[in-house]
Amino acid sequence: MSLMSVSEVADYLGVQEIRVERLERESLLVAKEKDAEGNPLFDSDDVRRYKELAERLGGI
């Protein structure tokens, strides 16, 4: 399991960081841990699966 920060997820998905934070609040992307500052960290496999699903449903 490789963890990704909010900014890494935003770059991977091609969206703004605020969008990633909203996805986490809405439980569409579930954070596995929090970093030292309390920011969410996401499993890279979960992020990849979310991107595949979102693309099948018409985009992110």
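Things to note:
- Length-normalised contact order of the chain in % [C-alpha pairs under 8 Å, at least 6 apart]: 37
- Comparing Met4, Pro40, Ser27 along the charge dipole axis of the chain, the residue lying farthest to the positive side is Ser27, per the Cβ-charge model.
- For the chain, a simple Cβ point-charge model (Lys and Arg +1, Asp and Glu -1, everything else neutral) yields a dipole of about 240 debye relative to the Cα centre.
- Distant-in-sequence amide H partners of Met4 (H built 1.01 Å from N, under 5 Å): Phe42, Asp43, Ser44
- For the chain, the solvent-accessible area works out to 67 Å² per residue, with a probe of 1.4 Å and every protein chain left in place.
The values are calculated or read from the model by the stated rules, or taken from the named source; none is laboratory data. Being a predicted model, the structure only gives us computed values, none of them experimental. Counting neighbours? That spans all protein chains shown, and the Cβs are built from the backbone with ideal geometry, glycine included. Note: accessible area is taken over every heavy atom of the protein model, side chains too, but ligands, DNA and RNA are not part of it. Shrake-Rupley method; radii C 1.70, N 1.55, O 1.52, S 1.80 Å.
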